[in-house]
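To start, the structure under review is shown below, and the notes come after it.
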Amino acid sequence: MNKELIINNKHYKKVDNLESLNMFKGQLYETIVTTESNEHVKNAAPIGVICKDSNHVVIHLDNCVHTQLNIMETGELIVNITKDPLIFTYSTLGELDEEYFGEFNEFPMIKDSLGFFKAHVVKAIEKKRENDYNDGIGNVVTCEIEEIYISDNNEIVPLNRAMNAVIESLVYYCRFDHKYKDIQKEIWTHMKELNRVCQKVGNESEKKSMKLILDKMKEDHDNLE
């Protein structure tokens, strides 16, 4: 029988695995990770979470200083599924206000999340990250999931950058000859970057969609490379 939970008047039910959150092996999802220091200072940060299997996730900790320190210090975290743009924005630009936090077993979480899971670190390695925004040492942590909860009133579809890339590319495709006529090369460069993201974090359907869009663009416009 599913265990029921009430947090800030929101009802949740306990589920068995990540698939219950529509999170699948090999996919990366955009989430809000909440942590707490040994001094009980709460923190929230937007972090991409990779599903390793039904009960394990992998997280790359690069630029989220407080989150990285807390996770390496305590080994504990909660991964929250939300589509609230303000929570992503506030937790990126600064510290998330207290009003957005709830509590699960005395650990901070996002109180209006669509679903969440508590996890602990089972493996952590240092890894040099070399890309456009980071050339330092980060931690790659593998986490085992302890408990998973889903809101009773919502069908969860976690955010994934690949699907967003497909939608944005379709908008560009539909307006390419009109609204973007004077900046076609710049838009094409951006679409190729969206494709790169999709190939990195998307599923087969999303990757195929991007290929169809780009191939059609090149078919319609001989000057694109």
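For this structure, a couple of remarks:
- Any hit, the range 42-65, residues being part of a helix (DSSP H, G or I), under 15 Å from the mean Cα position of the chain (by Cα) and buried (at least 17 other Cβ atoms within 10 Å of the Cβ): no
- Residues that are under 15 Å from Lys118 (Cα atoms), surrounded by fewer than 18 Cβ atoms within 10 Å (Cβ to Cβ) and touching a Cys at 6+ places or on another chain (Cβ under 6 Å) within the range 1-36 are absent altogether.
- Residue list for the range 132-170, restricted to those being over 30 Å from Lys13 (Cβ atoms) and modelled with pLDDT of 85 or more: Asn139, Val140, Ala165, Val166, Ile167, Glu168, Ser169, Leu170
- The residue pairs whose first member lies in the range 158-170 and is in contact (Cβ under 8 Å) with a residue 24 or more places away in the chain and charged (D, E, K, R), whose second member is in a helix (DSSP H, G or I) and open to solvent by less than 50 Å² (accessible area, probe 1.4 Å), and whose beta carbons are closer than 7 Å, counting only pairs six or more residues apart or on different chains, are Arg161/Val197; Arg161/Val201; Glu168/Leu194.
- The range 61-83 residues that are at pLDDT 90 or above, paired with ones that are assigned to a helix (DSSP H, G or I) and open to solvent by less than 10 Å² (accessible area, probe 1.4 Å) (beta carbon under 9 Å, 6 or more apart): Leu77/Thr67; Leu77/Ile71; Asn80/Ile87; Ile81/Leu21
- Residues of the range 68-95 classified as surrounded by fewer than 23 Cβ atoms within 10 Å (Cβ to Cβ) and more than 19 Å from Asn9 (Cβ to Cβ), total: 17
- Failed item, numbered, when Glu193 is tested on (1) over 29 Å from Ile59 (Cα atoms); (2) at pLDDT 90 or above; (3) exposed (fewer than 13 other Cβ atoms within 10 Å of the Cβ): (1)
The values are calculated or read from the model by the stated rules, or taken from the named source; none is laboratory data. Note that this is a predicted model, so its numbers are computed, not measured. Virtual Cβ from ideal backbone geometry, glycine too; neighbours counted across all protein chains shown. The protein model used for the area step is the full one, side chains on, heavy atoms only, and it has no ligands, DNA or RNA in it. Shrake-Rupley method; radii C 1.70, N 1.55, O 1.52, S 1.80 Å.
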